[in-house]
Amino acid sequence: MLEKWFPSIVAFLRFLKSSGGPSAPLYSRVGPKWYLSTWWPSESLVSMQYSFLCLLAVAHAERLEIKPLVAAFADEHRGTYRRRLRLLARRMGSNATLLTALEKTPDALNDNTVLAIRFGSQSGTLAKTYEQLMEDARPRIRPALTSQGNSRGYWFIVGACIFLLFQSIMFFIAPTMKKISSEFEMQLPTPMRALYITNEFALVYFVPIALSVCALAWVFRSSSLRRFFRRQIGDRIFRDNSLTLSSQLFRMLAIAVEMGRPLPGALSTLAKYHFDKGTRQKLLIARNEVEQGIPPWNSLVEAKIITPNEYQALSGAANNRVQSWTLRKMATIKQETIQSHSDVRMTFVHPVVILVFAAILLWICYSFFSFITNLIQQLAR
């Protein structure tokens with residue numbers, strides 16, 4: 001299984017075994033590499049995290065030592081994700097456990113996946129958890145992610161082309177037109193004057209705007225800041241974040257129920273380790289009510305973790321197997337809702353961006369057309 005998915009890592013392990021163990025640093029022992037990614041960003045973060053999740057699942061199933069695997073897997077990547085994995089390997093080399101290192105390394109795996117691994121480890125359902133995570137992360141959402149990435153790339157390329165066209169016109173053609181208007185004592189039309197004002201503004205404030213855009217891009221690329229936004233702000237602003245948290249929570253509870261683990265113990269583990277403050281407080285309320293003798297599903301309703309309709313479906317289930325299936329079905333419905341919202345947003349935003357670009361081009365064309373019309377009228381006098 002490992003040889004099928006990660007041939008270079010298998011080659012490294014065989015070499016390590018034949019050489020008598022890891023006495024030298026890993027980077028000096030690894031031979032040729034078959035990179036999983038090119039030097040340019042050819043994969044999304046989601047797909048790289050999925051590959052890493054597969055590696056962890058295989059390592060757990062085959063009972064392999066994880067530290068050298070993470071170090072070797074880091075060498076299979078380039079760029080930001082490679083640095084994250086190397087940082088993860090260094091933290092594990094400092095006697096930190098895998099889970100502790102993952103929690104301290106943002107975006108090596110997403111927060112929900114790390115929580116699920118922690119939950120599986122604590123509840124003794126890690127093998128089933130890996131199986132469920134791999135099934136959920138399997139790229140049925142990749143076409144949508146690819147479509148969104150292609151749309152953003154299209155916006156960037158078209159915007160850059162329009163900006164270069166505008167600057168070329170203002171640098172090479174506009175001065176000649178301004179000279180012509182002064183020779184014929186012609187007043188520039190209003191759209192053309194607006195072009196000049198916009199160009200002067202762009203020239204004066206180009207450096208501050210460029211620096212602001214770079215700073216904003218750095219903020220969005222910073223794993224720590226993105227994690228802070230997701231955990232402290234995201235679920236309070238965006239409904240989809242709340243749906244994602246609820247969906248992942250249902251999947252973890254489904255594993256516990258299916259494997260016959262006590263639901264109060266599962267709630268206690270999640271209340272202790274959940275990364276989202278609001279969800280953790282709800283889970284604490286539910287756990288405290290369970291400890292006072294209230295049935296688990298009733299406590300989840302009281303804590304507003306599940307809705308009354310969801311409570312009716314779960315409490316009416318005949319056995320654990322049906323309850324587990326119901327929880328997974330509800331999680332799937334929430335995930336499909338998130339995907340539907342994303343598709344609707346993209347369907348709305350893409351035409352709006354195209355119309356904005358079209359309006360800019362129409363403005364430029366109309367400015368020159370109005371100038372030519374005024375010039376013809378001036379010459380006809």
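So if I take the alpha carbon set of segment 295-381, get Rg, then get Rh from the Kirkwood formula, what is the Rg over Rh ratio? Display every interim value, and only then the final one.
Values: Rg = 29.4 Å, Rh = 18.3 Å.
That ratio is 1.61, to two decimals.
Largest accessible area first, the listed residues 60, 77 line up as 60, 77 when surface is computed with a 1.4 Å probe on the assembled protein chains. Taking label points 7 Å from Cα along the Cα-to-Cβ direction, residue 64 and residue 366 give a separation of 6.3 nm. Applying 0.36 nm per residue to the separation of residue 353 and residue 375 and subtracting their alpha-carbon distance, the gain on full extension is 4.6 nm. If you take all other residues with their beta carbon under 13 Å from the beta carbon of residue 151, and give Lys and Arg +1 and Asp and Glu -1, the sum is +1. Normalised per residue, the accessible area of segment 77-213 is 56 Å², obtained with a 1.4 Å probe and no contribution from ligands, DNA or RNA. Between residue 179 and residue 165, the simple label model (points 7 Å from Cα in the Cβ direction) yields a spacing of 2.5 nm. Between residue 202 and residue 218, the contour length at 0.36 nm per residue exceeds the Cα-Cα span by 3.5 nm. Applying 0.36 nm per residue to the separation of residue 322 and residue 302 and subtracting their alpha-carbon distance, the gain on full extension is 5.0 nm.
Got a sec? What order do 126, 115 fall in by accessible area at 1.4 Å, biggest, i.e. largest, first? Write down the numbers at each step before the final one.
Numbers: 126 35, 115 10 Å².
Putting 126, 115 in descending order of accessible area: 126, 115.
The values are calculated or read from the model by the stated rules, or taken from the named source; none is laboratory data. From a predicted model like this one, the values you see are computed outputs, not experimental measurements. Please note: Cβ atoms are built from the backbone with ideal geometry, for glycine as well, and neighbour counts cover all protein chains shown. With ligands, DNA and RNA removed, areas are computed over all heavy atoms of the protein, side chains included. Shrake-Rupley method; radii C 1.70, N 1.55, O 1.52, S 1.80 Å.
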